[in-house]
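S.K.: Dropping a structure here in structure tokens format, bear with me for questions.
The values are calculated or read from the model by the stated rules, or taken from the named source; none is laboratory data. Just so you know, these numbers come straight off a predicted model, no measurement behind them. Neighbour counts run over all protein chains shown; Cβ positions are idealised from the backbone, glycine included.
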């Protein structure tokens, strides 16, 4: 089936490759060939799915993956566009034609993935929760009510956060969202309203200015989500966590992962945490914090000893400036698309108003099932099983690294999380000359062989600048041990072959 869409003619066939991968490849080819230029708008996922005769989840998955890789960008209420980041065009244009696999020839895709291992998901217990929650459905759910989330689910989240992470809150503070990205979009709207209201009430401050800060390095979709703001900045990471930058801007918003910084894995020190709390009490330069707790359910040695910023902020003014973000995508399954915000009580009305204006995007019908799954105790049992399961997978990956890649890479054994970060040793970086970062070069070289890697350099604002840490993020929770070994051996072969030819 072929359809003329924008300047491309997409074609999906029965070659064996998943439709979403075929679509991703053709969009990449369009960027490489020039048929798609920077700023070009792509059709909506719904329109594209209808034109191609596939499900919307297929087109949404292709778009989401390309947005995560920085090739596409999503703009609120405008659509999806070809990204303008310099590294995107450099990365794709430097790819030889052979590195973009044909849809006619299906290669087994090998990739590290820090997503959920759905092969061990408790489908029987989940099905029972689905059935129970809809035997006598809540009429308000059927009518599309509960703007901030299903009440039983909010209560279950409150109980869970207190038992597992020591965060004290009430159901009123919980806003259920469609995942981390939706949470960030909602918070951008709400904090902008709060900051403007605050500064407009202070004649000394004059015109409102807000600066948005992300960690450096950080998860690319987070940086992409805020880059449309007029002013943005980078929070440098050292051994104590995110550094507090000097800023002469009236209002500042920091998006951070203090418990286990992504991707470096650093935990914020108590001294650094105290500096941030003090900054939130200042009146001349005002700070707001969005704290993302993305995978801290999985701690393999002891328990997490890094408290939430909300928990340790004894000063009310500091507490009222911290928003906590959580998600179910790492603990249940990615397709669930449910997350939540824990907001200071005083700011809940503004979050509610922002959600009315933007529209609630979290699926309400699935929330009673999640609530039942948690209240029946199946959620806790599932987490305990997955902690053991992922610890064994982590240990298997570490054994593979020690056996095959210790010559070229350094790494630390992570106490928790779902990925291992490996860094290329500096002497090998200097030996192999390249116009682009070495980890990007390796990624491109192995892509043609069906091996997909996540290079560390793309998590920085500019992957071309010297001095960035180079390496890979190896998500061990998703792939099988067999697939992990194949990727490790491909990396080993690349180094041995390349260094032999130098």
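S.K.: Please determine, by comparing only the residues of the range 146-168 that are part of a helix (DSSP H, G or I) and surrounded by fewer than 16 Cβ atoms within 10 Å (Cβ to Cβ), which one is modelled with the lowest pLDDT.
M.R.: 164
S.K.: Pairs needed: first member in the range 489-502, within 19 Å of residue 449 (Cα to Cα); second member anywhere, at pLDDT 95 or above and part of a helix (DSSP H, G or I); C-beta distance under 8 Å; at least 6 residues apart or different chains.
M.R.: 489/404; 491/404; 492/404
S.K.: While we're here: So, in the range 28-45, how many residues would count as being in contact (Cβ under 8 Å) with a residue 12 or more places away in the chain and in a helix (DSSP H, G or I)?
M.R.: The total comes to 6.
S.K.: Name every residue in the range 71-83 that is surrounded by 19 or more Cβ atoms within 10 Å (Cβ to Cβ) and outside any strand (DSSP E or B), in order of residue number.
M.R.: 71, 83
S.K.: Kindly provide the set of residues from the range 296-310 that are over 19 Å from residue 169 (Cα atoms), modelled with pLDDT of 80 or more and part of a loop (DSSP other than H, G, I, E, B), ordered by number.
M.R.: Once the filter is applied, which keeps residues that are over 19 Å from residue 169 (Cα atoms), modelled with pLDDT of 80 or more and part of a loop (DSSP other than H, G, I, E, B), the range 296-310 yields 298, 300.
S.K.: Within the range 414-439, count every residue that is loosely packed, with under 15 Cβ neighbours inside 10 Å and at pLDDT 95 or above.
M.R.: Count: 0.
S.K.: Specify the residue that is nearest to the chain's Cα centre (by Cα); the eligible residues are those in the range 169-199 that are assigned to a loop (DSSP other than H, G, I, E, B) and over 15 Å from residue 291 (Cβ atoms).
M.R.: 179
S.K.: Let me ask something else about it. Does the range 244-260 hold any residues that are assigned to a loop (DSSP other than H, G, I, E, B) and in contact (Cβ under 8 Å) with a residue 24 or more places away in the chain, and which are they?
M.R.: 244, 245, 247, 248, 249, 250, 257, 258, 259, 260 - these are the residues of the range 244-260 that are assigned to a loop (DSSP other than H, G, I, E, B) and in contact (Cβ under 8 Å) with a residue 24 or more places away in the chain.
S.K.: Can you name the residue in the range 169-185 that is touching a strand residue (DSSP E or B) at 6+ places or on another chain (Cβ under 6 Å) and modelled with pLDDT of 90 or more and, of all such residues, is surrounded by the fewest Cβ atoms within 10 Å (Cβ to Cβ)?
M.R.: 169
S.K.: Follow-up. Can you tell me which residue is surrounded by the most Cβ atoms within 10 Å (Cβ to Cβ) among those in the range 318-342 that are over 20 Å from the mean Cα position of the chain (by Cα) and touching a residue at least 40 places away in the same chain (Cβ under 8 Å)?
M.R.: Applying the filter and picking the extreme gives 321.
S.K.: It is to be established whether one or more residues within the range 210-219 are in contact with a helix residue (DSSP H, G or I) (Cβ under 7 Å, 6 or more places away or on another chain), part of a strand (DSSP E or B) and within 17 Å of residue 261 (Cα to Cα).
M.R.: Yes, the range 210-219 contains a residue that is in contact with a helix residue (DSSP H, G or I) (Cβ under 7 Å, 6 or more places away or on another chain), part of a strand (DSSP E or B) and within 17 Å of residue 261 (Cα to Cα).
S.K.: From (1) at pLDDT below 90; (2) exposed (fewer than 15 other Cβ atoms within 10 Å of the Cβ), pick out the condition that doesn't hold for residue 48.
M.R.: (2)
S.K.: Tally up the residues in the range 59-77 that are in contact (Cβ under 8 Å) with a residue 24 or more places away in the chain, more than 17 Å from residue 459 (Cβ to Cβ) and in contact with a helix residue (DSSP H, G or I) (Cβ under 9 Å, 6 or more places away or on another chain), please.
M.R.: Final tally of qualifying residues: 6.
S.K.: Being surrounded by 15 or more Cβ atoms within 10 Å (Cβ to Cβ) and either at pLDDT below 95 or out of contact with any strand residue (DSSP E or B) (no Cβ under 8 Å at 6 or more places or on another chain) (or both) is the filter here; which residues of the range 397-411 pass it?
M.R.: Scanning the range 397-411 gives 400, 404.
S.K.: Tell me, yes or no, whether the range 255-278 has at least one residue that is modelled with pLDDT under 85 and either under 28 Å from residue 423 (Cα atoms) or buried (at least 17 other Cβ atoms within 10 Å of the Cβ) (or both).
M.R.: Among the residues of the range 255-278, not one is modelled with pLDDT under 85 and either under 28 Å from residue 423 (Cα atoms) or buried (at least 17 other Cβ atoms within 10 Å of the Cβ) (or both), which makes the answer no.
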